[in-house]
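What follows is calculated from the coordinates using simple rules that are stated; it is not laboratory data. Given the structure is predicted, the values throughout are model-derived calculations rather than measurements. Methodologically, a virtual Cβ is constructed for each residue, glycine included, from the backbone with ideal geometry; neighbour enumeration extends over all protein chains shown.
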Amino acid sequence: MPVYQIPGEYWFPPVKEAEEGIVGIGGDLSPGRLLLAYKKGIFPWYNDDQPIIWWSPDPRAVLFPKDFKLRKSLRQSIRNRNYSLRIDTHFEEVISYCSVIDRKGETGTWITPEMRTAYIRLFEMGYAHSFEIFQGPKLVGGLYGVSLGKAFFGESMFSLERDASKVALYYLVQFARKHDFHFIDAQVETEHIMSLGAVNIPREDFIRRLEKAVRYETKTGRWEFEPTQ
């Protein structure tokens with residue numbers, strides 16, 4: 001199948017036509033295009049020396065909130081490491097840390113300056129959110145992503161102290177349960193996310209679930225949440 005060149009107008013080809021997960025190349029990272037992409041199960045992922053590449057992998061890694069695995073070691077970190085949660089207070093710092101943190105088996109980052117600017121814009125519009133873990137006054141971990149309807153699309157996470165990113169995900173799961181989110185999209189399988197209860201599902205199944213989730217009103221603006229241990 002051909003790899004589509006994404007045109008200037010807001011349009012994407014059907015994800016079933018994706019060649020090895022690639023839906024198309026080109027376009028821009030304007031808010032309207034990004035939100036349309038997420039609504040259709042597509043996300044941008046590319047390096048600084050590449051054009052914008054749009055993906056919809058098959059299978060899709062998804063975490064259903066009810067299936068989150070709270071392991072003993074993580075429970076101990078939540079209780080004993082003096083972590084506290086803030087939401088949507090340090091979004092730019094979270095995305096900056098995510099762009100520079102070393103990751104096993106990876107070099108460089110897909111969070112280019114262009115990507116960073118685009119997601120900060122979505123945050124300002126109330127569609128992107130960050131879960132931030134503090135140890136005293138210091139930001140030590142967190143994650144960010146995009147929310148539409150009853151779906152949260154996880155983009156990246158970082159950790160400067162033991163389990164800090166996992167604690168952020170634990171609180172996101174609590175938030176998702178409280179607000180009846182259908183799933184947290186993890187995009188592609190990693191050892192880290194699968195250990196916390198994520199599973200791979202066929203893309204066709206993911207798209208069906210996504211279509212249902214985005215029918216609901218999106219909870220925009222700054223989020224607030226009082227977590228429990």
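Calculate for the chain the 222 nm mean residue ellipticity that helices alone would give, adding -39,500 (n - 2.57) per DSSP H run of length 4 or more and normalising by residue count, nearest 500 deg cm²/dmol.
So the calculated ellipticity at 222 nm is -9500 deg cm²/dmol.
Using the Karplus curve 6.51 cos²θ - 1.76 cosθ + 1.60 with θ = phi - 60°, what ³J(HN,Hα) values do you get for each residue of the stretch 80-88, in whole Hz, with x for Gly and Pro?
Working through the residues one at a time gives 10, 9, 6, 7, 9, 9, 10, 10, 6 Hz.
Any idea what diffusion coefficient the stretch 4-59 gets from Stokes-Einstein, in µm²/s, Kirkwood Rh on alpha carbon pairs, 25 °C, 0.890 mPa s? Let's see the in-between values first.
Numbers: Rh = 11.1 Å.
In µm²/s, the coefficient is 221.
Once label points are set 7 Å from the Cα along Cα→Cβ at both T220 and K138, what is their separation, rounded to one decimal in nm?
Result for the modelled spin labels: 3.8 nm.
Mind checking Rg over Rh on the chain, alpha carbons, Kirkwood formula for Rh? Walk me through the intermediate numbers first.
On the way: Rg = 16.9 Å, Rh = 17.9 Å.
Looking at the chain, the ratio lands at 0.95.
Find, among the GluC sites (Glu not before Pro) in the stretch 1-99, those assigned to loop by DSSP (not H, G, I, E, B) with at most 15 other beta-carbon atoms within 10 angstrom.
For GluC sites (Glu not before Pro) across the stretch 1-99 that sit outside H, G, I, E and B with at most 15 neighbouring Cβ atoms in 10 Å, the list reads E9, E20.
7 Å from Cα along Cα→Cβ at both D48 and K72: what's the point-to-point distance in nm?
The answer from the label model is 4.5 nm.
Can you spot the lysines whose alpha carbon is less than 21 Å from K40's alpha carbon? Ignore those fewer than 8 places along the same chain.
Straight-line reach from K40, under 21 Å: K16, K150, K212, K219.
DSSP beta bridges in the stretch 4-59, what fraction antiparallel, as a percent rounded to 5?
Bridges in the stretch 4-59 that DSSP calls antiparallel: roughly 65 percent.
Using only the Cα atoms of the stretch 10-94, build the gyration tensor, take square roots of its eigenvalues as a ≥ b ≥ c, and label the shape rounded, prolate or oblate: rounded if a/c is under 1.5, else prolate if a/b is larger than b/c, else oblate.
On the way: a/c = 2.76, a/b = 1.85, b/c = 1.49.
Prolate shape, in that a/c is at least 1.5 and a/b is the bigger ratio.
Distance between the C-alpha centers of the stretch 19-52 and the stretch 204-227? Whole Å please.
Measuring centre to centre over Cα atoms gives 20 Å.
Would you mind listing how long the stretch 115-169 runs along its three principal axes, going by Cα atoms, in whole Å with the largest first?
Principal extents (Cα only, largest first): 30, 23, 17 Å.
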